[in-house]
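Each reported figure results from applying straightforward, stated rules to the coordinates on display, with no laboratory input. Here the structure is a predicted model, which is why all the values come from computation and not from measurement. Here Cβ is always computed from backbone atoms with ideal geometry, including for glycine, and neighbour counts include all displayed protein chains.
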């Protein structure tokens, strides 16, 4: 830690770096693949399971049924998934990846949270406990414990399409640049 930097500033800087890394990863996925993190997570889960009901997919990825329904609709428009009636229960639908969806998964990067979870898994339990305790304290300090969140590292609303995430991040970057030029 630099001599001129307080503990508070260092903590804030670390939180900001995490937020920035999530923004950058979300922007990369939106620009390079036209996908959001939640869309890619749903596709990866479908790749593992071959086909699932929308409700089963929602439960598996810890998102609401309504959110997953929107994600499925956007992926279907892009030709990455397809819906078909269940032969076992004609009232329900099954979702599966198309060939284009399978190709997308095979060429897609690893998810930020996959990398994060992999690195966390290498830590000793006492280290994980310390990190969890510190993060829980930060959420308490920010008074955000009651906010519901899915275990997905992404920017913006979970149900937002990739184009909106890309626009949001571009607007954010322009605002930062404008503020920077005003300070000069």
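Within 10 Å of each residue's Cβ, count the other Cβ atoms and sort 25, 62 from fewest upward. Can you show the working numbers first?
On the way: 25 19, 62 11.
The order, fewest Cβ neighbours first, is 62, 25.
Given an 8 Å cut-off on Cα distances and at least 6 residues of separation, report the relative contact order of region 7-174 as a percent.
Details: 154 pairs, mean separation 54.3, N = 168.
Dividing the mean separation by the residue count of region 7-174 yields 32 percent.
Would you mind calculating the relative contact order of region 1-97 from Cα pairs under 8 angstrom and at least 6 residues apart, reporting the percent as a whole number?
Once divided by the residue count of region 1-97, the mean separation gives 22 percent.
Taking neighbour counts of Cβ atoms within 10 Å as a proxy for exposure, in what order, fewest first, do 81, 144 appear? Spell out each step's value before the answer.
Working: 81 24, 144 10.
Starting with the residue having the fewest Cβ neighbours, the order is 144, 81.
Evaluate the Debye formula for region 1-92 with equal point scatterers sitting on the alpha carbons, no solvent, and hand back log10 of I(q)/I(0) at q = 0.10, 0.13, 0.17 Å⁻¹, in q order, two decimals.
Evaluating at q = 0.10, 0.13, 0.17 Å⁻¹ gives log10 I(q)/I(0) of -0.41, -0.58, -0.79.
Report the normalised scattering of region 7-174 as log10 I(q)/I(0) at q = 0.09, 0.17, 0.18 Å⁻¹, calculated by the Debye formula with identical scatterers on the alpha carbons.
Values returned for q = 0.09, 0.17, 0.18 Å⁻¹ are -0.36, -1.12, -1.21.
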